[in-house]
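One structure below.
The values are calculated or read from the model by the stated rules, or taken from the named source; none is laboratory data. Quantities reported herein were computed from a predicted structural model and do not represent experimental measurements. Cβ atoms come from the backbone with ideal geometry, glycine included; neighbour counts cover every protein chain shown.
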Amino acid sequence: MWSIRMRASKNRAKRGSMHISGAETICTEQQLKQIAQQYIKRALSHSRGNPDEVVITVERITKKPLDIPLLNTRTAKCSSPDKARQLITEFLLGAGVSARAVNAGLKVLYSKKHMRGACIMLSVSGRRAEPDRMRGVRVSRFGMTDSAEKIMTAIPGIKKSNIRTVTEAITLASKTAHHADILAEVCISDDPDYTTGYAASKQSGYLRIPCIKQHGDMRGGRVIFVRQDADITAVVDYLEKRPVIVSAKKVRR
Ligand code: WAQ
Ligand code: MG
């Protein structure tokens, strides 16, 4: 198996280069060429702008991937960012995150500062624990089995053109939620024309939240809430390095 990742950015020469788009999956050797082609096309036709650097990393996976279940999906009734904040708050409180950490998390999610990765937040104190606050932690080395991908196409209410975005998000969220020290994750896309976000946890599954932000807003972010006493180094190592395949076989309610 191989891990393939893409990252596109703009203004590479100037200070503060801008992240345009990123994607990744785990695949067989035969699939590599086709996926690399798709990723380049994606990088060059992104709503956040035109990149001047596209990096594709292809890496053989030597460790056997961990087989984990696909999260169940639901879509919330939501028609405004205000309502979305309320839904996120309820979801996080239900997952055991303190009110203080919820507020700190919302601040990061709706902040103007743009990160390429996710913020790791302690679930009681609301303290940020990611090693690099500018960059955040990139969840990486995950893929989905073909059978799980088929299930994705059958989820009601998802536009065909959005299936890829949703599939990638659920795969990442399934990997994240699987770790015992992770209580929940919330995500807002940084694509100005993608206004559905999500909240996810192992217990409650993947909750799609429409209208999480206004159309045209370039801001986005991700916050992963961990147990207050979590081993941060181990969590980051799992998120970044542990190869994971998400499959539909073990879907639970
Ligand atoms: N690891 C950690 N954080 C990431 C990663 C990653 N691999 N990729 C992106 N981020 C962070 C980063 O801060 C971005 O600004 C933010 O998340 C949003 O990234 O069911 O497309 O790739 O319809 O724009 C949600 C789909 C799509 C909801 C989310 O995120 C649905 C999306 P984006
Ligand atoms: Mg994006």
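Side notes on the structure shown:
- Consider the range 92-107 and keep the residues that are touching a residue at least 40 places away in the same chain (Cβ under 8 Å) and buried (at least 23 other Cβ atoms within 10 Å of the Cβ). The one that is nearest to Y198 (Cα to Cα) is L92.
- Those residues of the range 204-228 which are charged (D, E, K, R), surrounded by fewer than 22 Cβ atoms within 10 Å (Cβ to Cβ) and more than 9 Å from ligand 1 (Cβ to nearest atom), in sequence order: D217, R227
- Residue match in the range 220-230 (condition: part of a helix (DSSP H, G or I) and of a type in the set (K, R)): no
Residue-wise test of (1) more than 17 Å from S140 (Cβ to Cβ); (2) in contact with a Ser or Thr (Cβ under 8 Å, 6 or more places away or on another chain).
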{"residue": "Q203", "(1), (2)": "yes, no"}
{"residue": "R208", "(1), (2)": "yes, yes"}
{"residue": "H215", "(1), (2)": "yes, yes"}
{"residue": "G221", "(1), (2)": "yes, yes"}
{"residue": "A230", "(1), (2)": "yes, no"}
{"residue": "T233", "(1), (2)": "no, no"}
{"residue": "R242", "(1), (2)": "no, no"}
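- Residue that is nearest to ligand 2 (Cβ to nearest atom), among those in the range 138-153 that are of a type in the set (A, V, I, L, M) and in a helix (DSSP H, G or I): M152
- Scanning the range 72-86 for residues that are touching a helix residue (DSSP H, G or I) at 6+ places or on another chain (Cβ under 7 Å) and at pLDDT below 95 returns a single hit, T73.
- S201 satisfies every condition listed in (1) over 15 Å from the mean Cα position of the chain (by Cα); (2) away from ligand 1 (no atom under 14 Å from the Cβ); (3) modelled with pLDDT of 95 or more except (1).
- Taken over the range 143-180, the criterion of being within 17 Å of the chain's Cα centre (by Cα), more than 9 Å from ligand 1 (Cβ to nearest atom) and surrounded by fewer than 17 Cβ atoms within 10 Å (Cβ to Cβ) is satisfied by I163, R164.
- Within the range 44-91, the residues that satisfy the criterion of being buried (at least 16 other Cβ atoms within 10 Å of the Cβ) and among the charged types (D, E, K, R) are R48, K83, R85.
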